[in-house]
Each structure stands twice: as structure tokens, then as C-alpha cells.
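Contents: one structure, followed by commentary.
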Amino acid sequence: MPNQVELSIIVPLYNEEKNITKLCDALISIIQKLNYATEILLIDDGSKDNTANIISSIAISDDRFNSIILSRNHGHQLALTAGFRYVRASKAIFILDGDLQDPPEMIVNFLEKFNQGYDVVYGIRKNRKESFLKKQMYWFYYRLIKNIANIDLPADSGDFALISRKVVDYLNTMPEQNRYLRGMRAWVGFKQTGIEYNRSARHDGKSNYSWKKLFELAYSGIFNFSDLPVKFITRLGVISTIIALFYLTTVFIKRIWFDGVPVGFTALIAAIVMFGGVQLISLGIIGEYVLRIYKQVQQRPLFIVDKIVRDKKIHNGQDFQS
Ligand code: UDP
Ligand code: MG
């Protein structure tokens, strides 16, 4: 099988010990119905529970499964990046979460589109089973980024997708450290389409995306795919200059032709506080770019692999040649 894999399924896992068995059973029953030589690549993203051991033993006992154990928690986007680096599929790569929120059976619909000539088929979340606040924030964020992004980013679509080998090869050539994969996927181009689906609730456990991780991802979306933040500073500067000029002119006219220019202490404080705020926001935005540039020039590897279990053999990540 090794060199003839046509379809790879990537699943990033972080503390998913209670979901793995159910997920693997579902995937097996689906791939049995498909007519593709398939590998399932399970990626452990530095789990603190027993996930790494479970997936290693699955890969040792069943040659349809391979697994990658990362050296620590690198985050969902980098776990997927590791997956993209090691998949062997010649045709397509299917990406889904390990908590059964993404229905595995959708692969059938995705493949149908793929066979019609689409390079990327992504899922569009018709509804979510999340808290009210999270739902509103997701809704707002996806509309915001769609409007400000330099490229066409589909709303309500995440990493759940089927991607052609060609697109994955391009993703592998992109060295950016802050990875917003759904954006990078759209950036690559070719024929892309979305299919609506209902996003289920998590099978077991709670979300591993802390608010911090969620905000980091959202930031990467905005800063990596929109020039608006930095342009916003210039606009803010222009607007405040215009306001200041207008104010100065009126004071000047009053002083020449009329009496009693008000001694505006309140106005002064207000202006200082406001422009102080504007300057801090601007510095923060510039700082965000500097931070990103700094991370990029460090050129650290995107992820570190501890162990790879492939073709029922355990390899040391360091000297494993894909
Ligand atoms: N995940 C990961 N690394 C992390 C966080 C999450 O590999 O640091 C995996 C997780 O196991 C799951 C997928 O990424 O398979 C999506 O994560 P989660 O379900 O926690 O996010 P949500 O569905 O709440 O957005
Ligand atoms: Mg989830």
C-alpha cells in the first residue's frame, strides 16, 4: 500500500482519548465503502491524556492508520501543517476534527465535488451547537474578515475540507509561522466550492480551543489576510488631523473677529486622552506586525515531531525522511 495511497485523512488530536475509538470506527466504516486506497493519519498534538499511546498502538496494529506524535502542544493549525507534510495521498486529503463535530460521512459529498474538478471542497457551517456568545462572535468575525480581507474568504468555513494533492503541495511551500490555514487554502486558489452541513456538538470532553487560542487564530486571519489594520492607522491620523485643523481654524477666526476664546480645560483633557488612546492603539497595531516579522525571521521549524508510526513501524521523528 505505502506508495499507492490515493486518499489521506488527517485528524489533529489534543486530549481526545475518549473520542478516538468512536472516530476511528466511523472512519473505517466509511473508507470501506469508498473505492480509494486510503490512509488515516492521526496526529497527536502534545496531549496530556493517553491520546498518543492510543494512536500509536492503533497504527502498530492496523496498517490503514499512521500516526505522528508531536514533541509538545503546537496548536491545531500546526498539527494540521505537520499532517500536510507527511501525507502520502496522490489525489486528495480530507481534514476533520477528532471530536466528531465534523461528520465523517461528508467525505462522500466532498469527493463527488472533487471528482467534478474542484481542488478544494470545504464545509460551510449551517448551524453550530455552541454557547450563544460564541455563536455571535463567530458570526461577527466571519462577516468582518470577509469584508476586510484582501482575498475572498468564505464565511462560516473552517478547516473541515477535502483538498487536492496539488493544493497541499502549495500549502507545504508556504513558510509563514502564523498559520491561518483556511485563509492560506483560499489564497492558493484554483477551483473551490463549499457544501453546507450541520455542525454537531462535541462527542466528549470540552473544546480545546481556549479563548486565547481562538483570539490568536482570529488575529492571524485579520493580520495575515487584510491590510486594513495598518491602513486604519493612517486613516485615523488623517481624520484626527482634519478635526484638529478645523478646530484650530475656528479658534483662530474667533480670536481675530470675536472676543472671548473659551479657556477649554475639559476640551484639552479630552483631546489628550483621546489622542493618547489613538497613539497607543496605533502602536499596538504596529507592534503586532513587528511581532509577526520577528517570529518569521527567527525561522524556527513550524513543529517538532517526536515519533512517527508508519507502516506498523515506529520511527524517530528526527531522522525520519518522508
Ligand atoms: N486541537 C489540536 N491542538 C490544539 C487544540 C485542538 O490538535 O491545541 C484539535 C482537537 O483535538 C480537535 C480539533 O483540533 O480535533 C478542534 O479543536 P476543538 O474541538 O477543541 O475546537 P472547536 O471545535 O471548539 O473549535
Ligand atoms: Mg471541536
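Can you list residues from other chains, or at least 5 along the same chain, whose modelled amide H is less than 5 Å from the amide H of Ile43?
Those qualifying (amide H under 5 Å, at least 5 residues apart or on another chain) are Val11, Leu13, Ile68.
In debye, nearest 20: dipole of the chain around its Cα centre with unit charges on the Cβ of K, R (+) and D, E (-)?
The calculation lands at about 660 debye.
Can you compute 3J(HN,Hα) from phi for each residue in region 116-130, using the Karplus curve 6.51 cos²θ - 1.76 cosθ + 1.60 with θ = phi - 60°, rounded to whole Hz and x for Gly and Pro?
7, x, 8, 8, 10, 10, 10, x, 10, 6, 6, 8, 10, 10, 10
When a/c reaches 1.5 or more, the comparison of a/b and b/c decides; with that in mind, is region 96-223 rounded, prolate or oblate per its Cα gyration tensor?
oblate
I want to verify a result. In a Gaussian network model of the chain, Cα cutoff 10 Å, which of these has the top mean-square fluctuation: Thr250, Thr173, Thr38?
Taking springs between Cα atoms under 10 Å, the residue moving most is Thr250.
Taking the chain as a Gaussian network, where each spring joins two C-alpha atoms under 10 Å apart, which residue of Val297, Val11, Val273 fluctuates the most?
Val273
Between Lys313 and Glu288, what is the spin-label point distance in nm, taking each point 7 Å from the Cα along the Cα→C-beta axis?
For the pair Lys313/Glu288, the computed spacing is 4.7 nm.
Of the residues Glu176, Glu112, Glu39, which exhibits the maximal mean-square fluctuation in a Gaussian network model of the chain defined by a 10 Å Cα contact cut-off?
The residue that fluctuates most here is Glu112.
Using a 1.4 angstrom probe on heavy atoms only, work out the carbon and sulfur share of the accessible area of region 187-284 in %.
Roughly 72 percent of what the probe reaches on region 187-284 is carbon or sulfur.
Whole Å is fine, so just give me how far the alpha carbon centre of region 101-156 lies from that of region 4-54.
Spelled out, the Cα-based centre of one part sits 21 Å from the other.
Kindly report the accessible area of region 50-119 per residue (heavy atoms of protein chains, probe 1.4 Å, no ligands, DNA or RNA), in Å².
Accessible surface, normalised per residue, equals 34 Å².
Can you tell which of Leu96, Trp139, Leu111 lies farthest toward the positive end of the dipole of region 93-142, using +1 and -1 charges on the Cβ of basic and acidic side chains (Lys, Arg; Asp, Glu)?
Trp139
Distance check, please: which entries in Lys191/Lys213; Lys91/Lys113; Lys166/Lys295 exceed 19 angstrom between their Cα atoms?
Listed pairs above 19 Å: Lys191/Lys213; Lys166/Lys295.
To the nearest 0.05, how large is the calculated FRET efficiency for Lys48 and Lys191 if R₀ is 41 Å and r is the Cβ-Cβ distance?
Computed FRET efficiency for Lys48 and Lys191: 0.50.
The values are calculated or read from the model by the stated rules, or taken from the named source; none is laboratory data. In this text the structure is predicted, and so the values were computed from the model without any measurement. Quick reminder, even Gly has a Cβ in these numbers, built from the backbone with ideal geometry, and neighbours come from all protein chains shown. Quick note on the areas: whole protein, heavy atoms, side chains included, nothing else; ligands and nucleic acids left out. Shrake-Rupley method; radii C 1.70, N 1.55, O 1.52, S 1.80 Å.
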